Amino acid sequence: MTQDGDLDGLVRKRIRGLRTALGWSLDDLAARCYLSPSTLSRIETGHRRISLDQLSSIARALGTTLDQLVESVADDDVVIRPQRDAARGMTTWMLSREPGPNGVTVAKMRVTKPAPRRGADELKVHPGKDWFIVLSGTVVLLLGERTIMVEAGQAAEFSTMIPHAFGAHGGPAEILGIFDHDGQHTHLRKLS
């Protein structure tokens with residue numbers, strides 16, 4: 001089978017899978033995308049070619065995009081490998097390959113270095129907000145003049161216009177962080 005044939009089969013499986021996940025019959029989807037149930041059945045089973053206007057109408061009816069229906073699948077996209085930054089005492093797993101809604105990025109981070117000393121120029125300021133939940137260990141959050149201990153199972157949300165930094169307390173800590181565009185560039189800068 002050709003690569004085009006593989007993608008064609010994948011698109012057909014996605015249409016059927018989304019339809020059944022929504023609990024819709026062929027009649028239900030047909031009414032929403034203005035195609036006949038028999039046409040949809042032939043599209044799903046591969047007995048009819050899919051035209052671009054049909055595919056666009058089906059995608060819209062299923063609440064997805066044309067891009068999502070036709071995106072190819074590559075095995076190298078499955079495994080998320082850690083990025084280590086020994087100088088910063090940080091290992092990062094980028095859980096968002098592309099920015100999500102409103103440009104947010106999700107990352108799991110293992111923090112081994114303690115928070116910087118207060119007099120240092122390590123406290124950063126940037127527009128937006130940061131959120132994180134501590135998965136294990138304890139994180140020291142320096143937020144302006146405050147020192148806040150955030151323990152496993154607790155979360156923090158704060159304006160990043162307040163000078164801030166964080167680090168591990170009493171051993172390594174793991175967090176799941178949600179960073180807006182500016183927070184991503186500050187906390188998740190590319191490793192060389």
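Readers should treat all values here as calculations from the given coordinates under stated rules, not as data from a laboratory. All of these numbers come straight from a predicted model, not from anything done at the bench. Backbone-built Cβ (ideal geometry, glycine too); neighbour counts: all protein chains shown.
Computed packing ranks the peptides 79-88, 158-167, 59-68 as 158-167, 59-68, 79-88, most packed first, by mean other Cβ atoms within 10 Å.
Averaging 1/r over every pair of different alpha carbons in the range 3-73 and inverting the result gives a Kirkwood radius of 11.9 Å. Computed from the C-beta positions of Ile80 and Lys124, the FRET efficiency with R₀ = 30 Å rounds to 0.75.
Here r is the Cβ-Cβ distance between Leu10 and Trp93 and R0 is 25 Å; the resulting FRET efficiency, rounded to 0.05, is 0.40. Extension gain for Arg117-Glu71 works out to 11.9 nm (0.36 nm per residue, less the C-alpha to C-alpha distance).
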